[in-house]
Amino acid sequence: MKPVKTILPGLFFFCVGPLSGFCAGIQSPAEFHQDFPASSAADGNIDTWARPRTSGRTPADDPRVDYVLTFDQPTTINRIRFFQHPHAFATAYRIVGRTRADSAVFDRVLVTVDDPRTPAGEWVEHRVPDTGLVALKLETEAGFAERDIPYPAIAEFQADRIDPENVKDAEPALSASVALDEVLAINGVSRIHDTMFSVCNITGGKEFVRKYIEPLNLGVIPVWTEDFMSTLPVPEDPLAPGKFDRQFFESEAFGRAFAGKRSGLDSVGEAGAFANMSLVKAPAWMRRNDFRSTGTGRFKTETRFFPPMDPAEWGELAGHTLKAINDHTGGLVKWAYIWNEPNAERYLPVPWREKSRTYMELFKAAVPPIKRLNPGIKVGGPVITGGGVLGWSRGEKGDEASFWDSWSKRFIDECGALADHFDAHYYGVDPDCLKAEANLLANYAHNTLGRPFPIAGSESNVILRVAKQVDPVAGRWRYVTVNYADMLLSALDLPDRIESLSYFYITDWKGFFGLFTDGDLEPNPVYRFYYLLRHLRGERLPGESGSDRVNLVAARNGGRFNIVMQNKRGSRQTVNLTLAGLPVSNHNGTVDLERLEYDPATRMVALTGTPVPVDNGRVHFRMEPYGMYSITGDTGSALPAKAVRSRKDYYGDSVFQELPAVDVTGDAPPLVLKVSLPDRFRQAEKSILKLSVGGIPYARPRRIVDRRVPLVVRINGQSHRVLATNYNEIELPVNLLKADNTIEVSRDPEAIRVKDDPRIVSSEKIWILSVSLELRTEEEKSSG
């Protein structure tokens, strides 16, 4: 099928493949062009659509963002659709129509939606009775703005008429499966990390912790110990200026001071977890004062975060502090991280040109005494904030490449030998971006350190600023819980690259993103999500969700199994789940099904549980829009799994390579990358090339928007034409492998020139962040 012709330059709608039958039932209305660029189909396959413009003002200035479509003649429609950018804020909206060309009044209300489950990242559809209109308007109550981006961000707003006789049939039931008698090993890691289940800074008394926190079965809890490092009355040694008095930590003065500050650590112990302690700030007499602070606003004159004059002495102080705390708590602190968000203005307010160097010198000087005094402790850095490995470039000159060079790459080069994991704060990052960054870091660590260097995110969330939305449920469920669940469940697929993601924060604090409400400490929806995950521990089981719009993670712990699924779609979905390897005696028993769903009738999020029957080894249930589900049952035996399915990545020879631009002739030399494999690669049952791409225009923070760059990828001479999206991973099957594999990547000048898709852009800079070959095998598990 050929593409639809454009009416205005650079705009069209493309419909082939599985959607072509659906499009055939649509009658194209008249062309419209008064308010926004638009096009219509010449052959009746599709209808008109538009990409609305906004004023650029934030909702703080203009809380209502309207999108208007104007037809050049009265047009009858019966369907309205719109598309939100991924992670766009969901809020109440209504759609109104204007029936008279001689009036400016929108006199017909077609759709009113108070339910905040408006999907982001997919089409929202409303059917309406046949209605003759000259204009449509989508009115939204935008909740807040991040970096001057109006929310919600509507990418497309479409109206059309569908022939009822050709309406697409309901989608078939989803077929998912889990192998209960096998184990999945991803780059040698076959267990789900307990440390993936983590929450920052536990609060509340013992009864609160026992009632709400302990049942979550958390592995690690970051504890902010700024007060330990800066407000403990650590005296300067009178005989050695600039040095602290080593005897202080053996004195009663320390015991009294620690007794008044240990409640947070005691809560970690009550919860059954261990502590990840932040080591930041210094006593006033130890701080530098030889520079002008770069802090702004109320932080301009703040000196608490000035770095120490003597980094090695500060490291000795940190090491003695950790040792004394562990002596008093029975070894509760097993991880530590150095400083906090040094790339932010407030937390390391030295001049920008000195920030990275200052931090690296501090880390290198501090870690040896910390580890000498605390054998076995794991230390992480550089604790950069924003989007993790690639940050925000906030306050920095340049782009993600310069941030990579200044912080992440530099940290591995200078401090990787001392560090145990890469600690970073992840905010405003979607699962694809998280995966691309994790692969980049793993690729570079493999090439430089020769060992895994996993990410340990001591803070993470999908939100950055205060959420002052119309309805708190919209933020707490649809925006925070649904998106964060997607990110965490996706991260569990990267056990060798991510060993911890700690949810920030325990209470609402400055917005609606806490595990609990402020003051009364009532559980929020995200708390119920963590409660849903409480059994997801043990050996990883192979599973297939049957759709890229459904997350599935499964584990086997002794004789019990747990399967967690998430519906990422805004529509209901029936699931047929096959429990392969279930003992015959259990084929017609029951399993426990817990459902975490939003109820539009009560406008509440509820977690409910009930036994459901197993029908000949299969479980059938229905998923509500964005619902999350936990299936728990008995394998009938605690015997070891009979087989291991293995996924192994072999990394390319370089990372963060810029793709040459197309020259005036339309040609450009390809970027050449190499991936070497061991002799046993021929045993692989399946081979996949994974290519992470960056540099395409995106929304800030670094969220993927619907923009594509056409590339040509040649694998050992075999060509593939692909559309790359930003900070995402392209996966291509490979059926021609060698010991030394050559991957050539170049821009696709033909696709850029034709530009058949309005999503296609010709980005000035495109980076190949990383490349790897994943080999999948299955083998019998040794009885030993």
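Within segment 211-328, considering only helices (runs of 4 or more DSSP H) that don't extend past its boundaries, which have at least 1 residues that are under 35 Å from the mean Cα position of the chain (by Cα)?
Values: elements: 226-230, 252-259, 263-270.
The qualifying helices (runs of 4 or more DSSP H) are 226-230, 263-270.
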Task: segment 185-207, residues that are open to solvent by less than 10 Å² (accessible area, probe 1.4 Å) and touching a helix residue (DSSP H, G or I) at 6+ places or on another chain (Cβ under 9 Å) - done: Met196, Phe197, Val199
TODO: Would you be able to say whether some residue in segment 584-603 is among the polar types (S, T, N, Q), loosely packed, with under 13 Cβ neighbours inside 10 Å, at pLDDT below 95 and under 30 Å from Trp477 (Cα atoms)?
DONE: yes
TODO: Within segment 131-139, identify whether any single residue is open to solvent by less than 40 Å² (accessible area, probe 1.4 Å), within 26 Å of the chain's Cα centre (by Cα) and modelled with pLDDT under 80, and answer yes or no.
DONE: no
Open item on the list: open to solvent by 20 Å² or more (accessible area, probe 1.4 Å), under 30 Å from Leu441 (Cα atoms) and either in contact with a helix residue (DSSP H, G or I) (Cβ under 9 Å, 6 or more places away or on another chain) or in a helix (DSSP H, G or I) (or both): is that true of Arg534 in this structure?
Closed with: yes
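Conditions (1) at pLDDT below 95; (2) within 27 Å of Leu441 (Cβ to Cβ); (3) open to solvent by 10 Å² or more (accessible area, probe 1.4 Å), marked per residue:
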| residue | (1), (2), (3) |
| --- | --- |
| Asn483 | yes, yes, yes |
| Met487 | yes, yes, no |
| Ser500 | no, yes, no |
| Tyr505 | yes, yes, yes |
| Phe516 | yes, no, no |
| Gly519 | yes, no, yes |
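Only residues that are out of contact with any Leu (no Cβ under 7 Å at 6 or more places or on another chain) and open to solvent by less than 80 Å² (accessible area, probe 1.4 Å): list them for segment 235-245, please.
Filtering segment 235-245 down to residues out of contact with any Leu (no Cβ under 7 Å at 6 or more places or on another chain) leaves 235-243, 245.
Within segment 235-245, Pro235, Glu236, Asp237, Ala240, Gly242, Lys243, Asp245 meet the criteria.
Would you check if there is a residue in segment 318-328 being of a type in the set (S, T, N, Q) and either free of Cβ contacts under 8 Å to residues at least 40 places away in the same chain or within 16 Å of Phe228 (Cβ to Cβ) (or both)?
In the first step, residues of segment 318-328 are kept if they are of a type in the set (S, T, N, Q); the result is 321, 326.
Next, only the ones that are either free of Cβ contacts under 8 Å to residues at least 40 places away in the same chain or within 16 Å of Phe228 (Cβ to Cβ) (or both) stay: 321, 326.
The answer is yes; a qualifying residue exists.
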TODO: Check whether at least one residue in segment 651-658 is at pLDDT 85 or above, open to solvent by less than 20 Å² (accessible area, probe 1.4 Å) and part of a strand (DSSP E or B), and report yes or no.
DONE: yes
TODO: Kindly check whether there is at least one residue in segment 626-636 that is surrounded by fewer than 21 Cβ atoms within 10 Å (Cβ to Cβ), farther than 27 Å from Arg776 by Cβ and in contact with a His (Cβ under 7 Å, 6 or more places away or on another chain).
DONE: yes
Task: Where Leu216 falls short, out of the listed (1) open to solvent by 10 Å² or more (accessible area, probe 1.4 Å); (2) modelled with pLDDT of 95 or more - done: (1)
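Counting just the residues of segment 402-446 that are among the small types (Gly, Ala, Ser) and open to solvent by 20 Å² or more (accessible area, probe 1.4 Å), which one comes out farthest from Leu348 (Cα to Cα)? Talk me through it step by step, then tell me what you get.
Within segment 402-446, the subset among the small types (Gly, Ala, Ser) is 402, 406, 408, 416-417, 419, 424, 428, 436, 438, 442, 445.
Add one more test, that the residue is open to solvent by 20 Å² or more (accessible area, probe 1.4 Å), and what stays is 402, 406, 417.
Working: Ser402: 19, Ser406: 15, Ala417: 23 Å.
Only one residue tops the list, namely Ala417.
The values are calculated or read from the model by the stated rules, or taken from the named source; none is laboratory data. Note that the coordinates shown come from a computational prediction; the quantities given were computed from them, not determined experimentally. Methodologically, a virtual Cβ is constructed for each residue, glycine included, from the backbone with ideal geometry; neighbour enumeration extends over all protein chains shown. All accessible areas refer to the heavy atoms of the entire protein, side chains included, with ligands and DNA or RNA removed. Shrake-Rupley method; radii C 1.70, N 1.55, O 1.52, S 1.80 Å.
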